[in-house]
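**Student:** The structure that follows is given in the form of structure tokens.
The values are calculated or read from the model by the stated rules, or taken from the named source; none is laboratory data. Keep in mind that this is a model prediction, so the values were computed, not measured. Here the Cβ is made from the backbone with ideal geometry for all residues, glycine too, and neighbour counts use every protein chain on show. With ligands, DNA and RNA removed, areas are computed over all heavy atoms of the protein, side chains included. Shrake-Rupley method; radii C 1.70, N 1.55, O 1.52, S 1.80 Å.
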Amino acid sequence: MGLLRKLFGKDTTTDVLELLAAQHKEVDELIAKLEHGSGPRRALLMQLADKLAAHATVEEKLFYPAVMARETEDQLHEAVEEHLALKRLLADMVDMRLDDDSFHAKLSVLKEQVTHHAHEEEEQKLFPKVKSLLTADERAALGNEVLVMFEELMQGHPAQNVPAETAEAAKLPSVR
Ligand SMILES: [Fe+2]
């Protein structure tokens with residue numbers, strides 16, 4: 001809380017589930033902009049890559065370890081594999097010419113996978129289980145941690161780390 005107050009000058013409470021869902025939505029909107037070709041496309045792509053990379057990092061480093069339990073274990077292992085597939089696509093796309101035919105194909109696949117990832121987490125399995133695992137206060141505290149790490153990552157270019165993370169899925173702690 002102290003750090004957050006320093007950064008934003010006020011108390012903020014954000015349910016981690018709402019925050020992560022908002023990040024999914026933002027990524028989705030950037031993909032749509034890129035697909036419809038409005039605006040500077042290279043800049044949009046880098047913005048998308050940074051946001052998606054920062055999102056994956058906060059989930060892998062903070063959210064998933066905090067919600068690791070017997071009920072969520074399978075979904076979390078699936079989620080880090082989905083992140084791996086997303087990172088591989090992103091790493092390819094950042095290196096490509098935007099008028100390359102396969103860029104468009106990769107963007108379509110990225111869109112499908114982001115939609116799938118968001119749906120699985122938000123509606124299908126993970127988030128409903130987290131609601132019963134964590135109290136509202138715990139979700140708010142975790143939301144604040146996630147927000148601080150996300151903002152810190154976005155001060156730099158988190159997409160730069162993506163190529164180094166394409167060999168294998170992020171490690172998860174075992175169930176306590
Ligand atoms: Fe996510």
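**Student:** Of everything in the stretch 42-57 that's surrounded by 15 or more Cβ atoms within 10 Å (Cβ to Cβ) and among the charged types (D, E, K, R), which residue is farthest from V94 (Cα to Cα)?
**Tutor:** K51
**Student:** Can I ask one more? Can you pull out every residue in the stretch 56-71 that is among the small types (G, A, S) and touching a His at 6+ places or on another chain (Cβ under 8 Å)? Before the answer, list the steps.
**Tutor:** Going residue by residue through the stretch 56-71, those that are among the small types (G, A, S) are 56, 66, 69.
Within the stretch 56-71, A56 is the sole residue that qualifies.
**Student:** Also, I was wondering about something else. Which one is farthest from L48 (Cα to Cα) among residues in the stretch 109-131 that are of a type in the set (S, T, N, Q) and free of Cβ contacts under 8 Å to residues at least 60 places away in the same chain?
**Tutor:** Residues of the stretch 109-131 of a type in the set (S, T, N, Q): 113, 115, 124.
So of that shortlist, the ones also free of Cβ contacts under 8 Å to residues at least 60 places away in the same chain come out as 113, 124.
On the way: Q113: 14, Q124: 25 Å.
So the residue we want is Q124.
**Student:** Being within 18 Å of the chain's Cα centre (by Cα), at pLDDT below 95 and on the phi < 0 side of the Ramachandran plot narrows it down to one residue among F127, F103; which is it?
**Tutor:** On the way: F103 fails: within 18 Å of the chain's Cα centre (by Cα).
Sole residue among the options that is within 18 Å of the chain's Cα centre (by Cα), at pLDDT below 95 and on the phi < 0 side of the Ramachandran plot: F127.
Yes/no per residue for (1) touching a His at 6+ places or on another chain (Cβ under 8 Å); (2) touching a residue at least 24 places away in the same chain (Cβ under 8 Å):
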residue	(1), (2)
E73	no, yes
F103	no, no
N144	no, yes
V148	no, yes
A169	yes, yes
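**Student:** What tally of residues in the stretch 150-167 results from selecting those that are small (G, A, S) and touching a residue at least 40 places away in the same chain (Cβ under 8 Å)?
**Tutor:** As a first pass, look at the stretch 150-167 and keep what is small (G, A, S): 156, 159, 164, 167.
Those still in the list that are touching a residue at least 40 places away in the same chain (Cβ under 8 Å) too: 159.
So the count comes out to 1.
**Student:** Can I ask one more? I'd like to verify a number: residues in the stretch 58-86 that are open to solvent by less than 20 Å² (accessible area, probe 1.4 Å) and part of a helix (DSSP H, G or I), how many?
**Tutor:** Of all residues in the stretch 58-86, those open to solvent by less than 20 Å² (accessible area, probe 1.4 Å) come to 58-59, 63-64, 67-69, 72, 76, 79-80, 83-84, 86.
Narrowing further to those that are part of a helix (DSSP H, G or I): 58-59, 63-64, 76, 79-80, 83-84, 86.
The total comes to 10.
**Student:** Inside the stretch 98-166, counting only helices (runs of 4 or more DSSP H) that do not spill past its ends, which hold 1 or more residues that are buried (at least 19 other Cβ atoms within 10 Å of the Cβ) and touching a Ser or Thr at 6+ places or on another chain (Cβ under 8 Å)?
**Tutor:** Working: elements: 101-119, 126-133, 136-154.
In the stretch 98-166, 126-133, 136-154 are the helices (runs of 4 or more DSSP H) which contain 1 or more residues that are buried (at least 19 other Cβ atoms within 10 Å of the Cβ) and touching a Ser or Thr at 6+ places or on another chain (Cβ under 8 Å).
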